[in-house]
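To start, the structure itself, in structure tokens.
Read-outs: derived from the displayed coordinates by stated rules, not from any lab. Just so it is clear, the structure is predicted and the values come from calculations on it, not from any experiment. Cβ placement follows ideal geometry from the backbone for every residue including glycine, while neighbour counts extend to all protein chains displayed.
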Amino acid sequence: MPQATTAILLFSRSAHEEALAKSFGAGPAGDRRVAEALIRRTESTLQRSGLPVLRSDEHSQRGLTFGERLGNAITDAFATGIDHLIVVGNDCPDLTARHLRAAARMLENGRNILGPDHRGGAWLLGLQRHNFDRDRFVRLSWESDHLLEELRALYPAAESLHRLADLNQIKDLRRHWWRLRAYFAHLAVLLLPPRQARSAGLQPVSILGQFSSPLRGPPELA
């Protein structure tokens, strides 16, 4: 059987580490439940794409900065012999298997791909092994609102997908709740204040008894 030339790289911390890095305001155990739900949703979507999936988390990542860890993970993925790589994280619940299959077709037709988010970053990268420059890639302004423009400068001929939202804080989940409720209804008591849960037709009965009080959101970043 010929080796697959296109694969997906899920670049994601484990649920425990993701909950520590991104406070969703539901307490340690509640934050972990939210992170687990986001990761399970993403894993299910990747499986439905029918493409091979590689996983990179804190146990296999190498590097001091985000850019170094991601660049090394992509280099390792290409070292397995694949020619095209679709890179995603766990924080875009609007990601679908259709997006992934479309990205695979574009890559196999010789195009790099950018999936822009609403923060100046990207929810998906589609990269070709033959023109991936790890050193230039690592030096981009990762985790900043300048990233997308730098990616476009690095890959000027890249195809752009639809702009989608990513989720990093509890305010993001609450803002997009009506679109996301089918995915995370079982976590409504952790993600929504009681009044908003009732208005959504959900009973504010805690699935984790210690989190029955109103939620406190994370502090705003300056």
Interchain or sequence-distant (5+) residues whose placed amide H lies within less than 5 Å of the amide H of Val53 are Ile8
Any residue on another chain or 5+ positions along whose placed amide H is under 5 Å from the amide H of Glu159 is listed here as Asn112, Ile113, Leu114
A correct fewest-to-most ranking of Trp123, Trp142 by other Cβ atoms within 10 Å would be Trp142, Trp123
Taking the range 6-160, the whole-percent share of alpha-carbon pairs separated by over 27 angstrom is 18
